[in-house]
1. Run the simple label-point estimate for Asp41 and Asn16 please: 7 Å along Cα→C-beta, distance reported in nm.
2. Accessible area per residue for segment 13-54 in Å², computed with a 1.4 Å probe and the full protein assembly in place, what is it?
3. What's the ranking of 44-50, 17-23 by average number of surrounding C-beta atoms within 10 Å, highest first?
Amino acid sequence: MQVKIEPSQRFGKPRNPVAVAAKLRAAGPHTKGATAQRQSDKRALAKAKLAPKD
């Protein structure tokens, strides 16, 4: 008797136990730092077409 294994059932490399632990405690979304926020604001101001008020 032979058991036929399809490509979707094949096992790849064994899982890395260290990586599994790291994935389980994966961090959530991070906020931008003060410098990155300041640079982003500066770029947004440069992009905006400001017209002087009369």
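1. Result: 3.9 nm between the two label points.
2. Working: 4590 Å² over 42 residues.
That works out to 109 Å² per residue.
3. Working: 44-50: 7.3, 17-23: 9.0.
Ranked by mean Cβ neighbours within 10 Å, highest first: 17-23, 44-50.
The values are calculated or read from the model by the stated rules, or taken from the named source; none is laboratory data. This structure is a prediction, so every number in the text was calculated from the model and none was measured. Cβ atoms come from the backbone with ideal geometry, glycine included; neighbour counts cover every protein chain shown. All accessible areas refer to the heavy atoms of the entire protein, side chains included, with ligands and DNA or RNA removed. Shrake-Rupley method; radii C 1.70, N 1.55, O 1.52, S 1.80 Å.
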